[in-house]
Amino acid sequence: MNSTILRFFSAGILALCLIPGANAGDVVVIANSGVSISAGEIKDIFLGEKQFAGGTKLVVVDNASAQGGFLSKFMQMDAAKYNNIWTKKSFRDGLTPPPVKSSDAEVAEFVRRTPGAVGYVSTTPTGVTIIQNP
Amino acid sequence: MVNTGNVSMKNPGLSKVPVLLRASILGVLLSSSVPAFADATSDSMKVMANKIEALQNQLSQMTSGMASHSGGDQGLPLHGFMDVGFATNTMADPVAYPTGFYVGSLSFYLTPHFGDKVKALFEPNFEIASDGSLSTDLERAQIGYTFSDAATLWAGRFHTPYGYWNTGFHHGAQMQTSVMRPRFLDFEDKGGVLPAHMVGLWGAGKIRAGAGKFTYDVFAGNGPKIVMGADPLTGLGIQDINFAGDNNHQAMVGLNLGYEFSGSMNGLRVAVHSLRGDVDDDNALPNKTELNMVGGSLVYLENDWELLTELYRFNDNDKSGLTGSHKSSASYLQIGKSFNNLTPYIRKEVANLSQQDNYFSMQASGQSYSRELLGFKYDLDPKASLKLEWHYSNFQAETGRTPAKYHSLYTQYAIRF
């Protein structure tokens, strides 16, 4: 009886530990199949510092459902800092912040169909290029 | 619908058919009709699936189009800043707000993009001057062409890209920590001694170099002229940026070369800058001064710290009176640290401006001064801030100038949208 209870609580604790990690760790950056970029360029791309890949204009899109995990994992910043950087960049350089999609499905569809598109999702879709899948 | 009970009653002969035979017939009928029904269902489902897919495609294209219009290349994003506040001081500041509530500025900026490489930036600004009059200004009207990540060329009217503050914050009061700009870097009619705006060409870009990035701004445009009598308090002059053409046909040129660090030094940027050109005033016998400014800036914005410092050294040459060259300098250092939403900060400004130099002596704002400043910024949310700021200013006794020492207190409520 005691061993059953112990196993039950162990499994519960393990599940609690795994759930938040899976949420942040599963974010992957995806690009349209015609885009050639490297994982090391992701930060520059999402901050508007890299706007072209070869001759292709990059079309960057944010994902409201996965933004927290993406920013902490790939950008090492929170949403407030990310938005502040974009406000300054838009004001000084005339750049436009990435439009925000609401779900993985929307981002995947947009990236699949838009030449130069780059986004991120928490579930890996088909028909796109995976830039980094940890 | 088949009602077997009624059929049985109307066709009594059927009741004589053995139950087993009827069951067999029903079985044969069913066994032959199920595949047919299944095929028909399968075809219908395929048609339905195709229709759903077509609808999905149409919806996707519509939403993609809407997204593109709202935040992509074809829309007209509108942003802006506004601030209001209250000011008081122990002596009338010649250029800052007199005691009482004030409306600062309402500044809009639009960033339309046209295709992949053409973009524009427009910034109409509405501002209440210290005499209460409303001034409307086209702060920026610039059209750019992006050749690559390393090169964008702008043409039009832009914020002159020296130092950090002038292009980093300008009318964006909510973005900057303090209420007031460093005085010598303020706008031309607010106490600044440099042309904060320019009409001309501006090339800018970033190039990866090592772990960080090399940044550059190179610009050339109409040099300003000093319009004498434009300041009603002193009768001295204020810089006019020559919006519609260069009065002396001498371009003003400048550059700002920097390096942005990354890794453990992420957030640090160091840069050198220079500005050179001839500036005339409109006296009956005009003074012509060759402005030669060199300096540098250091900015650190990371780990909740804000450190800003800029240095400007002048070695101006009198080209009309032949009095030789005159040295001046101006600098500031501002340090702030954020504790959640609260950011206390301090700043020291010093400007030693030679009154032998016509460039400064002809300007109402060309008086030497020092200023200490202490303030607090509280972010109500990421787009709204409350600020409280105290100044102690000391304007020096110089030829043709009135010395002044006074305290000022400012509050500001600033938003961005």
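Of all residues being within 14 Å of chain A (Cβ to nearest Cβ) and open to solvent by less than 40 Å² (accessible area, probe 1.4 Å) in segment B:380-405, which is nearest to A:TRP86 (Cα to Cα)? Just the residue, please.
Step one: of segment B:380-405, the residues within 14 Å of chain A (Cβ to nearest Cβ) are B:380-385.
Keeping just the survivors that are open to solvent by less than 40 Å² (accessible area, probe 1.4 Å) gives B:384-385.
Numbers: B:ALA384: 16, B:SER385: 18 Å.
Result: B:ALA384.
Pick from B:THR289, B:THR343: which is touching a helix residue (DSSP H, G or I) at 6+ places or on another chain (Cβ under 6 Å), over 19 Å from B:SER370 (Cα atoms) and open to solvent by less than 60 Å² (accessible area, probe 1.4 Å)?
Working: B:THR343 fails: touching a helix residue (DSSP H, G or I) at 6+ places or on another chain (Cβ under 6 Å).
When all the criteria are applied, what remains is B:THR289.
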Consider segment B:187-211. How many of its residues are assigned to a loop (DSSP other than H, G, I, E, B) and either open to solvent by less than 10 Å² (accessible area, probe 1.4 Å) or of a type in the set (Gly, Ala, Ser) (or both)? 8
Count of segment B:381-401 residues which are hydrophobic (A, V, I, L, M, F, W, C), in a strand (DSSP E or B) and more than 31 Å from the chain's Cα centre (by Cα): 1
Which of the following residues is within 14 Å of chain A (Cβ to nearest Cβ) and either in contact (Cβ under 8 Å) with a residue 60 or more places away in the chain or under 22 Å from B:VAL253 (Cα atoms) (or both): B:PRO182, B:PRO224, B:PRO161? B:PRO161
Take segment B:353-380 and flag every residue that is under 12 Å from B:THR399 (Cα atoms) and in a strand (DSSP E or B). none
Count, please, the residues in segment A:113-134 that happen to be more than 9 Å from chain B (Cβ to nearest Cβ) and either buried (at least 18 other Cβ atoms within 10 Å of the Cβ) or in contact with a Cys (Cβ under 8 Å, 6 or more places away or on another chain) (or both). 8
One residue is enough: does segment B:160-172 have a residue meeting the conditions under 27 Å from B:VAL350 (Cα atoms), open to solvent by 20 Å² or more (accessible area, probe 1.4 Å) and not acidic (Asp, Glu)? yes
Of all residues in segment B:187-201, which are at pLDDT 95 or above and within 17 Å of the chain's Cα centre (by Cα)? B:ALA196, B:HIS197, B:MET198
From (1) open to solvent by less than 60 Å² (accessible area, probe 1.4 Å); (2) touching a His at 6+ places or on another chain (Cβ under 6 Å); (3) within 30 Å of B:VAL294 (Cα to Cα); (4) of a type outside the set (Phe, Trp, Tyr), pick out the condition that doesn't hold for B:SER408. (3)
Consider B:PHE184 against the criteria (1) open to solvent by 10 Å² or more (accessible area, probe 1.4 Å); (2) not in a loop (DSSP other than H, G, I, E, B): it satisfies all of them except one. Which criterion is unmet? (1)
Scan segment B:120-150 residue by residue and report those that are open to solvent by 10 Å² or more (accessible area, probe 1.4 Å), at the interface with chain A (Cβ under 8 Å from one of its Cβ atoms) and not in a loop (DSSP other than H, G, I, E, B). B:SER148
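Touching a residue at least 12 places away in the same chain (Cβ under 8 Å) and among the aromatic types (Phe, Trp, Tyr) - does that describe any residue in segment B:185-195? Don't jump to the end; show me each part of the working.
Initial filter on segment B:185-195 (touching a residue at least 12 places away in the same chain (Cβ under 8 Å)): B:185-186, B:188-195.
Of the ones still in play, those that are also among the aromatic types (Phe, Trp, Tyr) are none.
No; the residues of segment B:185-195 include none that is touching a residue at least 12 places away in the same chain (Cβ under 8 Å) and among the aromatic types (Phe, Trp, Tyr).
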Output the residues belonging to segment B:349-379 that are open to solvent by less than 10 Å² (accessible area, probe 1.4 Å) and among the acidic types (Asp, Glu). B:GLU349, B:ASP357
Criterion first (within 12 Å of chain A (Cβ to nearest Cβ), open to solvent by 30 Å² or more (accessible area, probe 1.4 Å) and in contact (Cβ under 8 Å) with a residue 24 or more places away in the chain) does B:TYR216 satisfy it? no
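Given the structure, is A:ASP93 within 27 Å of B:SER338 (Cα to Cα) and either within 11 Å of chain B (Cβ to nearest Cβ) or of a type outside the set (D, E, K, R) (or both)? Lay out the reasoning, then the answer.
On the way: within 27 Å of B:SER338 (Cα to Cα): yes; either within 11 Å of chain B (Cβ to nearest Cβ) or of a type outside the set (D, E, K, R) (or both): yes.
Here the answer is yes, as A:ASP93 does meet what is asked.
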Is at least one residue of segment B:319-330 surrounded by 15 or more Cβ atoms within 10 Å (Cβ to Cβ) and under 15 Å from B:LEU268 (Cβ atoms)? no
The correct count of residues that are of a type outside the set (S, T, N, Q), at pLDDT below 90 and either in contact with a helix residue (DSSP H, G or I) (Cβ under 8 Å, 6 or more places away or on another chain) or farther than 21 Å from B:MET175 by Cβ (or both) in segment B:115-133 is 4
So A:THR56 ticks every box in (1) open to solvent by 60 Å² or more (accessible area, probe 1.4 Å); (2) of a type in the set (Val, Ile, Thr); (3) in contact (Cβ under 8 Å) with a residue 40 or more places away in the chain but one. Which box is left unticked? (1)
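Please go through segment A:96-110 and pick out each residue that is more than 30 Å from B:PHE81 (Cβ to Cβ) and either buried (at least 19 other Cβ atoms within 10 Å of the Cβ) or facing chain B (nearest Cβ under 8 Å) (or both).
A:ASP104, A:GLU106, A:VAL107, A:ALA108, A:GLU109, A:PHE110
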So for segment A:79-89 (the condition being touching a His at 6+ places or on another chain (Cβ under 9 Å), crowded, with 18+ Cβ neighbours inside 10 Å and without any contact (Cβ under 8 Å) to a residue 60 or more places away in the chain), does at least one residue qualify? yes
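The values are calculated or read from the model by the stated rules, or taken from the named source; none is laboratory data. Values in this document were obtained by computation on a predicted structure and should not be read as measured data. Cβ coordinates were reconstructed from backbone atoms using ideal geometry, including for glycine residues, and neighbour counts include every protein chain displayed. Surface accessibility is based on the protein's heavy atoms, side chains included, excluding ligands, DNA and RNA. Shrake-Rupley method; radii C 1.70, N 1.55, O 1.52, S 1.80 Å.
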